[in-house]
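The values are calculated or read from the model by the stated rules, or taken from the named source; none is laboratory data. Small disclaimer: the values here were computed from a predicted structure and weren't measured. Glycine gets a Cβ as well: all are built from the backbone with ideal geometry, and neighbour counts include every protein chain shown.
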Amino acid sequence: MLLAVALMVMTAAVVASVVVPLMRAARPLPERGAFDRAVYRDQLRELERDVARGLVDAREAATARLEIERRLLAADAKSETAAPQGAANPMLAVGLALGLPMAAALIYLAVGAPGVPDQPFAARGPQSTPAGGDGMAGHADFAAGAAKLERDLAANPADAEKWLLLARTEAELRQWQKSADAYRRAMSLTGGGPELASAYGEMLVMAADGIVTPAAHQAFEAALARDPADLAARFYLALAEAQAGNAKGAIEMWQKLAADQPNDSELRAELQRRINEAASLAGMPAPLLPPPAAAASAPAAAPPGPNAQDVANAQQMSDEDRQAMIRAMVERLAARLQSQPDDLEGWLRLARAYDVLGERDKAAAAFERARRLKPDDPRIAAAGAGAAAPPMAAANPAGAPPGPSAQDVANAQQMSDADRLAMIRGMVERLAARLQSQPGDLDGWLRLARAYGVLGERDKALDAYERAQRLLPADSDQRQAVAAAIAQLKAK
């Protein structure tokens, strides 16, 4: 009942606001001359104020005053009264007074729901959720999850995993700055990997409405320094070049990124759009995307090596189980290479793996497969010589020092790049020192030569190869392979 009364009052008010003006007789509009005279008199008063303040001298004031008075007299001469703009229209007023409420009632009866009782929002169940309610419910779930994570982190701020989870949750909620802050906290607790730095930079870009800020630029550079293939870092650094006005540089970077993507990648379409946009703003023709690189289009990528969890698991195994696990991984690589015989890096990895396992015949066969693919590769000649060398026990009765243990590998994963390189150099120098007292260790000299080659110390690598060459028979295949490696190093 109260609702009906309220609706009637509202309807009457609306009808009155429309009808009452139509019932009144039209009033004449004020004459134009009166408006003009008011303006000119105000100009005269303003002129007197300027003279009093010394802003206008007497001569300029006299001239301006004369002009204003002339216009004032002209306005008096043409004074006239404007005609009324219309007359009262009682018939139109009555029609609107009756028609508006009737039209509103008919529309409500057609599209409204007069029989549905009112219901408080708090009492509504899931069945009354409007269209799109699933998304709203999901949004509420994420918001509740973020609130819980914030409470947990207030009690335990050193939980890196929860900071990372909070960062991803805030990103789902489109709270870009909060997500960036959470990523930053996670990075400070974990040391920050390339994927964290890249995600942190992306959140900063989103928070800045698509602008690659200096802080985001720094984050992407840090990610790219650790992982040169990071997609997000490469994309946004190119975007930064475009925003800095370097359209040509941005397009080149996007072109290189597109070449690393397979043909069916959605990223290629986005890169083409970005390239077209940058080229249009720079007034230059937009190039087409390059074809995907062979590596990107390959049907199957090389399987990754063991991760940190694999190493941790291996540490808990017995020697027999660990050896079995390593052999299983090597056999999987060997099986894959049967279906991908053109994978040069795969054959080299397999050869080195067999070499480590002491299976010299299989190592030599794998090096031979690699040699067929790239006969002039110095890595193959040098490594193949090592694979063909006699077993360590035969060449070195005293026994070589063992290689790095599982614990050494786990410790190395926690080091910085500089510390890890220092550790490797220390191991190489220890091997070199041992060989001074065991100069007849052919395999040791070959391993030392390869290690110096990896470290980029050409002269030391040459010396180690030459020491190994002196231990080999003049007409042996091994000596010829080592000679080839020496020639390759001297040619550089």
When the residues of segment 439-492 are narrowed to those that are under 20 Å from P375 (Cα atoms) and charged (D, E, K, R), which ends up surrounded by the fewest Cβ atoms within 10 Å (Cβ to Cβ)? K492
For E170: the one exception among (1) farther than 30 Å from L288 by Cβ; (2) surrounded by fewer than 21 Cβ atoms within 10 Å (Cβ to Cβ): (2)
Any pair with Cβ under 7 angstrom, 6 or more apart, that starts in segment 429-449 at a residue that is in the same structural domain as V482 (by TED's automatic domain parsing) and part of a helix (DSSP H, G or I) and ends at one that is at pLDDT below 90 and among the aromatic types (F, W, Y): L435/W445; A449/Y465
Meets criteria (within 29 Å of Q272 (Cβ to Cβ) and either of a type in the set (A, V, I, L, M) or within 13 Å of the chain's Cα centre (by Cα) (or both)) for E172: no
Would you confirm, using the coordinates I've provided, whether T190 is in contact with a Leu (Cβ under 8 Å, 6 or more places away or on another chain) and without any contact (Cβ under 8 Å) to a residue 12 or more places away in the chain? no
A158 being in the same structural domain as S280 (by TED's automatic domain parsing) and buried (at least 18 other Cβ atoms within 10 Å of the Cβ): no
What are the residues in segment 255-276 that are of a type in the set (S, T, N, Q) and assigned to a helix (DSSP H, G or I), if any? Q255, Q272, N276
Which listed residue, of E252, E331, E266, is modelled with pLDDT of 85 or more and among the acidic types (D, E): E252
If D355 meets every condition in (1) outside any loop (DSSP other than H, G, I, E, B); (2) modelled with pLDDT under 75; (3) farther than 30 Å from W445 by Cβ apart from one, which number is that one? (3)
Within segment 173-186, is even one residue modelled with pLDDT under 90 and touching a His at 6+ places or on another chain (Cβ under 9 Å)? yes
Filter result for E202 (at pLDDT 90 or above and out of contact with any strand residue (DSSP E or B) (no Cβ under 7 Å at 6 or more places or on another chain)): yes
Please count how many residues of segment 239-253 are free of Cβ contacts under 8 Å to residues at least 24 places away in the same chain and either touching an Asp or Glu at 6+ places or on another chain (Cβ under 9 Å) or in a helix (DSSP H, G or I) (or both). 4
Say we look at segment 462-488 and pick out the residues that are aliphatic (A, V, I, L, M) and not in a helix (DSSP H, G or I); which of these is farthest from the chain's Cα centre (by Cα)? A474
From R49, R37, R45, residue being surrounded by 12 or more Cβ atoms within 10 Å (Cβ to Cβ) and either among the charged types (D, E, K, R) or at pLDDT below 80 (or both): R37
In segment 465-483, how many are basic (K, R) and in contact (Cβ under 8 Å) with a residue 24 or more places away in the chain? 1
Considering only residues that are under 44 Å from the mean Cα position of the chain (by Cα) and acidic (D, E), look in segment 431-461 and name the one that is nearest to A491 (Cα to Cα). D459
